[in-house]
Amino acid sequence: MNIAICDDDEYIVNELYKHIESFFSNKNYEIIIQKFYNGEALLDSKTHFDLLFIDIEMPGINGLYTCKKLLEDKNVFLIFIITAFQYYLDDAMELNVYRYILKPIDKKRLIKNLEFAFKRFLLMDKPLDIKIGEEIYRINASDIIYINIENRKVHIHTYGKELISTEPFSIWKERLHYCFFASPHHSYIVNMQYISCFSKNTVTLVCRDKKYEAYVSSRKYKSFKNSFYAFVGGTSW
């Protein structure tokens, strides 16, 4: 696993390095951590990073622009925004960043979020077989944006493609029990990594340049909200 830390504050970089190294020392999993002190240096790297910890306010190009470029080039998987300023939250959510962690860093919360991130990393390429008539299609679980049932048919939505499964919706609920899926409505399963915003009635999901909507039922709203807060790492930013 390749991990990058990008912050112009050397103390923060070293603190994060120490906590991340300590976390993975108990996982028996090989990691490589690289340190960067500005966005330009990070963009110059040709490495694909599985985890990125990045500040927003840095000399030169800021962290949000850096993240946008990395995502466009598909050179990063999960992004942790590390900042002292909460007002960047909306911009960060537009980029579908994984976590938004405030300075000074709360070690307990950081470790909890690392645990979620590591599980998600291990599951990101888990293949799923979709039965469509007599044919079997294979996709990765992380590519599913949402699933819904309509007219007794199960519709599986991925970026630019919709598949109709011949398997029951209940089977998909059992299969997608991962930490990044939740059910806001009895007819929907959504991938929380794509959630941009939600209300008591709808969930908006964003994947690259496309937006999707799913329904939220009043009966499921509370449990769904709790699932999402657990996914983003707590009840507050």
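This table checks each residue for (1) under 30 Å from Ile105 (Cβ atoms); (2) out of contact with any Asp or Glu (no Cβ under 7 Å at 6 or more places or on another chain).
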| position | (1), (2) |
| --- | --- |
| Leu122 | yes, yes |
| His155 | no, no |
| Ile164 | no, yes |
| Glu174 | no, yes |
| Asn191 | yes, yes |
| Leu205 | yes, yes |
| Glu213 | no, yes |
| Tyr221 | no, yes |
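Condition check ((1) crowded, with 16+ Cβ neighbours inside 10 Å; (2) in a strand (DSSP E or B); (3) of a type in the set (Val, Ile, Thr); (4) more than 16 Å from the chain's Cα centre (by Cα)) across all residues:
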| position | (1), (2), (3), (4) |
| --- | --- |
| Ile3 | yes, yes, yes, no |
| Glu40 | no, no, no, yes |
| Gly60 | no, no, no, yes |
| Leu70 | yes, no, no, no |
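When residues in the stretch 6-59 are screened for being over 20 Å from Arg99 (Cα atoms) and acidic (Asp, Glu), 4 of them pass.
Within the stretch 136-152, can one find any residue that is of a type in the set (Phe, Trp, Tyr) and either in contact with a Gly (Cβ under 6 Å, 6 or more places away or on another chain) or within 20 Å of Phe121 (Cα to Cα) (or both)? Yes, the stretch 136-152 contains at least one residue that is of a type in the set (Phe, Trp, Tyr) and either in contact with a Gly (Cβ under 6 Å, 6 or more places away or on another chain) or within 20 Å of Phe121 (Cα to Cα) (or both). Of the strands (runs of 3 or more DSSP E) entirely within the stretch 169-229, those holding at least 2 residues that are open to solvent by 60 Å² or more (accessible area, probe 1.4 Å) occupy 210-215.
Restricting Arg109, Arg138 to those that are among the charged types (D, E, K, R) and part of a helix (DSSP H, G or I) reduces the list to Arg109.
The values are calculated or read from the model by the stated rules, or taken from the named source; none is laboratory data. The structure presented is a predicted model; accordingly, all values stated were derived computationally and were not measured. Please note: Cβ atoms are built from the backbone with ideal geometry, for glycine as well, and neighbour counts cover all protein chains shown. Heads up: the accessible areas ignore ligands, DNA and RNA and are worked out on the full protein's heavy atoms, side chains in. Shrake-Rupley method; radii C 1.70, N 1.55, O 1.52, S 1.80 Å.
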